[in-house]
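J.: Structure incoming, see below.
The values are calculated or read from the model by the stated rules, or taken from the named source; none is laboratory data. What you see is a predicted model, and the numbers here were worked out from it, not measured in a lab. Heads up, the Cβs are rebuilt from the backbone with ideal geometry, glycines too, and the neighbour counts pull from every protein chain shown. Note: accessible area is taken over every heavy atom of the protein model, side chains too, but ligands, DNA and RNA are not part of it. Shrake-Rupley method; radii C 1.70, N 1.55, O 1.52, S 1.80 Å.
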Amino acid sequence: MSRSRLISPLRTVVACAFTALLLGTAPFVRSVAAEPDKATAAASGVQLVTSAKGAVNVLSREEATQLLLGHRNRLNDGTPVTLIDLPSGQIRARLYQILTGKNPVQVRANWSRLVFSGRVRPPLEASNENEALEWLINTPNAIGYLPSAVNDKRIKVLLLVDG
Amino acid sequence: MKNRIRLSEIFAIGALLAISGALRAQTPESGDPGHEQTAPTSSSPFNFDTKNIQFSGFGTLGMIYTHDKEVRYIRPSTNHPGHENPDLGPDTVLGVQANVTLGSHAALVLQAISRESTLGSYKPRASLAFLSYAFTPNVTVRAGRLRTPFFMLSESIDINYANPWIRPPSEIYSMFPFSELNGVDLLLTFGGIGGFDVELHPYYGTSDLPIYQDGKGHLKNVRGLNITATSGHLTLFAGYGQTDFSLKWRGQDLQTLSQYLRQPIVLNGNDILRDLSGSDGKGSFGVAGIQWDDGKWLFIGEYNRLRANRYAHRAHAWELTAGRRFGEFMPYVTLASHTEDRPITTKRVALAMAIPGVAEQLNEAVDAFLASRNLSQSSATLGLRWDFYKNTAFKLEFAHTRIHNRSWGSFFPENPNDPPATLNQRMWKRSINTLGVSVDVTF
């Protein structure tokens, strides 16, 4: 028996085990496609913000949309900006849905196509709102988003998109 | 070579297993959405390590089962026609990428991928290695190794997570399977033209393609222009390009055919051979595509055509896909077809003297050669994509394919060394069912 005849079933077994492993855990993970808005998110809006000391003063809705779609990484005046994402969740899903019309699955597919075809660099993702706030404060040309309830003198609001 | 155990293949699978395990270990709230960057510290988030270099990756573990013992599925000129069934070769891929920011205008992108080559190797290769420079917000130049942008989804041909299917329809994407462009391109964007964001994408360069067996394709002076217009859920795409090219088949089938056609009795043997393989080809390709994705309904349509004066056939192809999302599930259906407009050569064997049966046999051999380079087929695919975990998609696809007359389509005979007449009878107009399963990840 050739080695290829031995390895072929092995490959199949590994592949099946891999798939079964992933599928087996699926019922225990939260649904990731819908990420439904809940009352808590609906009650407050989302604000696009940047450092109060930063060079960015104006952000149009169109610029914000194109930034989130990966269609631009500079503002109309030429300022290069860095997008800071929140982790997957209601705020993030809400912002992208409102400004780009895309749900989380579409957003991830879009970014993966752009990043891995070499068009854009991926956004930086903070692990929570506090970390996003710290990054925004410390980086003049970073643009991020936070719940509109967040009020901090070290950031300025560029655009209020909801609520 | 094709029967050798491939350690790199095992490594690729192992890496995907590890990645998947790492992803599953994360809670949905704390995880990363798709792109891993070195975690910045809260006090100083943007030192060199964090702001200026970002690492990310993608992968697919996929296998396809061909319900036919006499043929097996291949992606022509992309992967090796192995004997495995189910076969991991056509769809399994692993890619890692580094984005390096160099000041406020320049950037470096490096990407390596491992996937089965036409030679059966999983040896990683550089799939992106370019410098980009943004002159203005709307003008960026890139130079180095880029992905070929020949068709609508060519630049993301290996990023299966970004696509609904396990793999983009081979009727379209095996037509011109060069994957890397060594050259330069320009990305020019214009906002708000009639409500559309428009991108003009001219490019110029060279490209190489290893072909089973031991063949080689080379494009030089390949130049083209793509136009993409996006508005809301709608994307329109059009592209056209031209190239000078060489295509040198060196397989056993051409060697055998050459021996036959170079017999003194064959008057036009060399004429035929000059049509089949050489280095002074000229070709062109055009494409028009449309995508609609409103979050519920997904439609993708693409038409392309290839023209060549020799070495490759003239052909056109189309595909239509419709999908409907139900939460994290998306069933979809795809119809696709690839039609040969003119074979690589239309010449028939002419003999110095009539000998019963000889011309027929030689023409059968020519026909077998041409059929093995003809991708004509039609297929209907029923699939399901399940985004069951973030950055992870499971896909299941059933396809019914009918190979056209005088073609092998995207299949390879189990015994390619059978007599030409036998191969022709076996492959032409054959109907085949395939079942594919895959898991895509980005990280």
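J.: Anything in the range B:116-126 that is surrounded by 15 or more Cβ atoms within 10 Å (Cβ to Cβ) and closer than 25 Å to residue B:249 by Cβ? List them, or say none. Reasoning before the result, please.
T.: Pass one, the range B:116-126, residues surrounded by 15 or more Cβ atoms within 10 Å (Cβ to Cβ): B:116-122, B:124-125.
Residues satisfying the conditions are B:116, B:117, B:118, B:119, B:120, B:121, B:122, B:125.
J.: When the range A:97-114 is examined, which residues are found to be over 12 Å from the mean Cα position of the chain (by Cα) and either within 7 Å of another protein chain (Cβ to nearest Cβ) or buried (at least 23 other Cβ atoms within 10 Å of the Cβ) (or both)?
T.: Result: A:101, A:113.
For every residue, the table says whether it meets (1) in a strand (DSSP E or B); (2) on the phi < 0 side of the Ramachandran plot; (3) more than 12 Å from chain A (Cβ to nearest Cβ).
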site: B:97; (1), (2), (3): yes, yes, no
site: B:101; (1), (2), (3): yes, yes, no
site: B:107; (1), (2), (3): yes, yes, no
site: B:111; (1), (2), (3): yes, yes, no
site: B:114; (1), (2), (3): yes, yes, yes
site: B:117; (1), (2), (3): no, yes, yes
site: B:123; (1), (2), (3): no, yes, yes
site: B:130; (1), (2), (3): yes, yes, no
site: B:135; (1), (2), (3): yes, yes, no
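J.: Testing residue B:229 on (1) open to solvent by 20 Å² or more (accessible area, probe 1.4 Å); (2) at pLDDT 90 or above; (3) within 30 Å of residue A:70 (Cα to Cα), one condition comes back false. Which one is that?
T.: Residue B:229 satisfies every listed condition except (1).
J.: Just to be sure before I move on: is residue B:272 crowded, with 16+ Cβ neighbours inside 10 Å and over 24 Å from the mean Cα position of the chain (by Cα) in the structure I sent?
T.: Yes: the conditions hold for residue B:272.
J.: Filtering the range B:195-204 down to residues that are within 14 Å of chain A (Cβ to nearest Cβ) and not aromatic (Phe, Trp, Tyr), which residue is surrounded by the most Cβ atoms within 10 Å (Cβ to Cβ)?
T.: B:197
J.: Within the range B:137-153, can you find the residues that are more than 15 Å from the chain's Cα centre (by Cα) and either among the charged types (D, E, K, R) or buried (at least 23 other Cβ atoms within 10 Å of the Cβ) (or both)?
T.: Correct list: B:142, B:145.
J.: Next up: In the range B:234-259, which residues are surrounded by fewer than 18 Cβ atoms within 10 Å (Cβ to Cβ) and not hydrophobic (A, V, I, L, M, F, W, C)?
T.: Matches in the range B:234-259: B:240, B:242, B:244, B:246, B:248, B:250, B:251, B:252, B:255, B:256, B:258, B:259.
J.: Of the residues B:207, B:179, B:231, only one is within 14 Å of chain A (Cβ to nearest Cβ), closer than 30 Å to residue B:412 by Cβ and not hydrophobic (A, V, I, L, M, F, W, C); which?
T.: Exactly one residue qualifies, and that residue is B:179.
J.: Continuing with this model, one more query. I'd like the residue in the range A:135-163 that is open to solvent by 20 Å² or more (accessible area, probe 1.4 Å) and among the polar types (S, T, N, Q) and, out of all such residues, is nearest to residue A:62 (Cα to Cα).
T.: Within the range A:135-163, the match that is nearest to residue A:62 (Cα to Cα) is A:141.
J.: Same structure again: Just for the range A:64-76: of the residues that are in contact (Cβ under 8 Å) with a residue 12 or more places away in the chain and at the interface with another protein chain (Cβ under 9 Å from one of its Cβ atoms), which one is most open to solvent (accessible area, probe 1.4 Å)?
T.: Going through the range A:64-76, the residues in contact (Cβ under 8 Å) with a residue 12 or more places away in the chain turn out to be A:64-65, A:67-70, A:73, A:75-76.
Then keep just the ones that are at the interface with another protein chain (Cβ under 9 Å from one of its Cβ atoms); that gives A:69, A:73, A:75-76.
On the way: A:69: 24, A:73: 78, A:75: 5, A:76: 110 Å².
Here the answer is A:76.
J.: Quick check on my filter: what residues within the range B:67-118 are more than 24 Å from residue B:137 (Cα to Cα) and among the small types (Gly, Ala, Ser)?
T.: Of everything in the range B:67-118, those that are more than 24 Å from residue B:137 (Cα to Cα) and among the small types (Gly, Ala, Ser) turn out to be B:77, B:82, B:89, B:95, B:112, B:114, B:117.
Quick grid of which residues meet (1) in contact (Cβ under 8 Å) with a residue 60 or more places away in the chain; (2) within 25 Å of residue B:437 (Cβ to Cβ); (3) acidic (Asp, Glu):
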residue	(1), (2), (3)
B:96	no, yes, no
B:112	no, no, no
B:140	no, no, no
B:156	no, yes, no
B:167	yes, yes, no
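J.: Taking the condition of being open to solvent by less than 10 Å² (accessible area, probe 1.4 Å) and under 30 Å from residue B:398 (Cβ atoms), how many residues in the range B:338-367 meet it?
T.: Residues in the range B:338-367 being open to solvent by less than 10 Å² (accessible area, probe 1.4 Å) and under 30 Å from residue B:398 (Cβ atoms): 1 in total.
J.: Then there is this: Of B:382, B:370, B:435, B:396, which residue is at pLDDT 95 or above and open to solvent by less than 30 Å² (accessible area, probe 1.4 Å)?
T.: On inspection, the qualifying residue turns out to be B:370.
J.: Give me the residue from the range A:115-134 that is more than 19 Å from residue B:100 (Cα to Cα) and at the interface with chain B (Cβ under 7 Å from one of its Cβ atoms) and, out of that set, surrounded by the most Cβ atoms within 10 Å (Cβ to Cβ).
T.: So the residue we want is A:131.
J.: Select from the range B:160-176 the residues that are under 9 Å from the mean Cα position of the chain (by Cα) and farther than 25 Å from residue A:111 by Cβ and write down the one among them that is nearest to the other protein chains (Cβ to nearest Cβ).
T.: B:176
J.: Now a separate question. Restricting attention to the range B:64-76, does a residue exist that is at pLDDT below 95, in a loop (DSSP other than H, G, I, E, B) and on the phi > 0 side of the Ramachandran plot?
T.: No, because not a single residue in the range B:64-76 is at pLDDT below 95, in a loop (DSSP other than H, G, I, E, B) and on the phi > 0 side of the Ramachandran plot.
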